[in-house]
Amino acid sequence: MSEEPVHTCLSCKCTEEKIPLLALKFRGGTIHICPQCLPTLIHQPEKLAGKLPGIDTTGPVEHEH
């Protein structure tokens, strides 16, 4: 029997055993991020460019408020 992988926050590397993680779909895969790092993903995604390939090229997304 194989063990389930322990997921980690893509930004701070905290594990799901220490803090709740949110699972997000991105470019056909699933990434995990903790609530403390989520504002970085929302407001300063360029800070995650080295940790999340392709995020630095996304640019602003058009959406309604």
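Here, each number is a calculation from the coordinates, and none is a lab measurement. Only a predicted model underlies this, so the values are computations on that prediction, with no experimental measurement involved. With ideal geometry, Cβ positions are generated from the backbone for all residues, glycine too; neighbour counts draw on all protein chains shown.
Take the Cα of Ala23, step 7 Å toward its Cβ, do the same at Glu3, and the gap between the two points is 1.9 nm. 3J(HN,Hα) along the stretch 15-29: 8, 5, 7, 9, 8, x, 10, 9, 9, 10, 8, 8, 6, x, x Hz, from the Karplus curve 6.51 cos²θ - 1.76 cosθ + 1.60 with θ = phi - 60°, whole Hz, x for Gly and Pro.
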